[in-house]
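Reviewing the structure listed below.
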Amino acid sequence: MNPIVIIGGGPSGMMAAISAKMHHKNYEVILVERGKDLGTKMKLTGGGRCNVTARMPVDEVVEYIPKNGRFLYSTLNSFGPNDIIEFFEKLNCKLKEEDHARMFPVSNKAQDIVDTLKEKIKQLNVKVLLNSYVSDVNVERKEIIINDEYMKYQHLIIATGGITLPATGSDGTGHRLAEKYGHTITKLLPAEVPLVSNDQFIHDKTLQGLSFKDVSLSVWDGKKIKKTITHDLLITHFGLSGPAALRASFYALNLLEEKNEPVKLSIDFLPKVSLGELEQSKTLDDLFRDHNVPKRLVDFCKDTAGKEYLKMLKDFPMTTYATRGFGAAFVTNGGVMVKEVDPKTMQSKMNPYVSFCGEVLDINAFTGGFNITSAFSTGFTAGIHVNLD
Ligand SMILES: Cc1cc2nc3c(=O)[nH]c(=O)nc-3n(C[C@H](O)[C@H](O)[C@H](O)COP(=O)(O)OP(=O)(O)OC[C@H]3O[C@@H](n4cnc5c(N)ncnc54)[C@H](O)[C@@H]3O)c2cc1C
């Protein structure tokens, strides 16, 4: 009996290995990782704290996955946020909820999430091969090459990740292997990435360093708003960063790619207060203080717009002409085309003895725990539905 082999020891591959062994106890399960440890990228996630999921219903989760979220309906329904939370809590890795339903380990250590997965892998007797680079796959012979040696498999799960932060091991090998046996790899673009602007106030660093809680950032397509994101935002020396900018980057980059010209943005620094309320307020300074609107921004708007400065605070215009690129991106937009993968099983439609899970697929989610949720969910499903015929 040849083993079930999983390539890639990130969250999707680790969960796929756990699920494969849990559901197919009599089969040997081998997890192959090129790095010297499992979960190298995962240890860096959430600023070292790992935003492991978001406590919300599946319908809502899908809305936070702008690229091919609907593909995940079925898998999220069989293993979604509540299952992820239960999985870790049962293994004594307690989680806590923060703003925007984000779940983190109580310890605030991503390492604890990785250790919990590693412990489960050990308990289940999954064989782990570290420092083991898979350079090729032959789907006809059901064989892979690891460090120049052949290994037969019964079923292969490709969990090699996207192409962001390649120093952690995810450098796009999985895409190359999938392409080799007929899969389409959609265009790879950086996602969840800060936005660059050449506007004068950015150039002059007038507002550099100001950070905001829950402001509304809109991306415009011509005269229409394409998407409005309400979340935290940071004005930097190059443009915009923080969750609102990262989420907006998906829409801005699509427009930049399509139109090849700067994209218009606007910021509402007081989304909970209408312009009418602002104009009638007799205690504007208090209102600004209560809504964390810094004096530096108010002064800038007064200097720029004069009497219209309140309007400017509600509809602050700017543009972006680029993103900070793969070097600063959290995830990859693009990957194995989801039409070529069965959403109920994660099996390749080109070859039933191969499956995909995690970021190697053409799925990208907003920051906030949704990418790891997608990795765990697809990994769990891929592990159940291995082909043992
Ligand atoms: C700085 C940063 C912070 C992030 N924070 C969060 C967060 O808090 N919450 C969240 O939901 N998402 C977060 N993300 C995104 C999240 O980390 C990824 O979406 C997730 O790790 C993808 O999991 P994966 O298992 O598909 O791929 P990866 O985690 O990239 O793992 C793939 C693994 O495959 C191995 N591999 C690749 N090719 C081969 C090969 N040929 N042979 C053997 N092994 C191979 C790699 O070494 C790697 O270990 C963050 C990303 C970054 C960059």
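If you wrap a convex hull around the Cα atoms of the chain, how much volume per residue is inside, in Å³?
Details: hull volume 53.5 nm³, N = 389.
With only Cα atoms used, the chain gives 138 Å³ per residue.
Checking the cross-link filter: which aspartates and glutamates have an alpha carbon closer than 14 Å to that of LYS21, excluding same-chain neighbours under 8 positions apart? Candidates past the 8-residue exclusion: GLU119. In the chain, the longest principal axis of the Cα atoms and the axis of helix 295-305 are about 60 degrees apart. Listed values for the range 247-254 are Karplus-derived 3J(HN,Hα) couplings in whole Hz (6.51 cos²θ - 1.76 cosθ + 1.60, θ = phi - 60°), namely 5, 5, 4, 4, 6, 5, 5, 4, and x replaces Gly and Pro. For the range 86-135, relative contact order (Cα pairs under 8 Å, six or more residues apart, normalised by length) works out to 24 percent. Here the Karplus relation 6.51 cos²θ - 1.76 cosθ + 1.60, evaluated at θ = phi - 60°, turns the backbone of the range 373-382 into coupling constants of 4, 5, 5, 5, 5, 5, x, 4, 5, 4 Hz, with x for every Gly and Pro. For ILE157, the residues whose amide H sits under 5 Å from its own are VAL5, ILE6, ILE7, SER355, ignoring neighbours fewer than 5 places away on the same chain, with H placed 1.01 Å from N. From least to most packed, judged by other beta carbons within 10 angstrom and beginning with the fewest, GLU149, GLU359 follow the order GLU149, GLU359.
Taking 8 Å as the Cα distance limit and 6 or more residues as the minimum spacing, I'd like the relative contact order of the range 195-323 as a percentage. Let's see the in-between values first.
Values: 226 pairs, mean separation 41.4, N = 129.
Averaging sequence separation for qualifying contacts and normalising by length gives 32 percent for the range 195-323.
Using the Karplus relation 6.51 cos²θ - 1.76 cosθ + 1.60 with θ = phi - 60°, the per-residue 3J(HN,Hα) values for the range 102-111 come to 6, 10, 10, x, 4, 6, 6, 10, 4, 3 Hz, with x marking Gly and Pro. A cut-off of 5 Å between modelled amide H atoms, ignoring neighbours fewer than 5 places along the same chain, links GLY35 with ASN131, SER132. With a ≥ b ≥ c the root eigenvalues of the C-alpha gyration tensor of the range 1-75, is it rounded (a/c under 1.5), prolate (a/b larger than b/c) or oblate? Because a/c hits 1.5 or more and a/b fails to exceed b/c, the range 1-75 counts as oblate. Go ahead and set up a Gaussian network model of the chain, Cα springs under 10 Å, then flag whichever of ASP299, ASP37, ASP112 fluctuates most. Largest GNM mean-square fluctuation: ASP299. For the chain, adding -39500 (n - 2.57) for each run of n ≥ 4 DSSP H residues and dividing by the number of residues yields -9000 deg cm²/dmol at 222 nm. Rounded to the nearest 0.05, what FRET efficiency do ASP286 and GLU179 have when you use their Cβ-Cβ distance and R0 = 51 Å? Computed FRET efficiency for ASP286 and GLU179 comes out at 0.30.
Note on the range 236-303 and the range 343-362: Cα centroid distance 41 Å, given to the nearest whole angstrom. DSSP bridge analysis restricted to the chain gives an antiparallel fraction near 75%, rounded to the nearest 5. Under a 5 Å amide H cut-off, with hydrogens placed 1.01 Å from N, ALA322 pairs with VAL196 among residues at least 5 apart or on other chains.
Against the main long axis of the alpha-carbon atoms of the chain, helix 81-90 sits at an angle near 60°. Across the chain, C-alpha contacts under 8 Å between residues 6 or more apart give a mean separation that, scaled by the residue count, equals a relative contact order of 26 percent.
Taking a quarter of the surface of the Cα convex hull of the range 195-323 gives a mean projected area of 7.3 nm². According to the Cα-based calculation, Rg over Rh for the range 141-195 is 1.04, with Rh computed by the Kirkwood formula. Given R0 = 41 Å, the distance between the Cβ atoms of GLU28 and THR228 translates into a calculated FRET efficiency of 0.20. Checking the cross-link pairs LYS41/LYS94; LYS226/LYS339; LYS41/LYS224; LYS94/LYS339; LYS43/LYS349 against a 31 Å limit on the alpha carbon distance flags LYS41/LYS224; LYS94/LYS339; LYS43/LYS349 as lying beyond it.
Throughout, read-outs are computed from the coordinates displayed, never taken from laboratory work. All values reported here derive from a predicted model rather than from experimental measurement. Note that each Cβ is placed from the backbone with ideal geometry, even for glycine, and that neighbours are counted across all protein chains shown.
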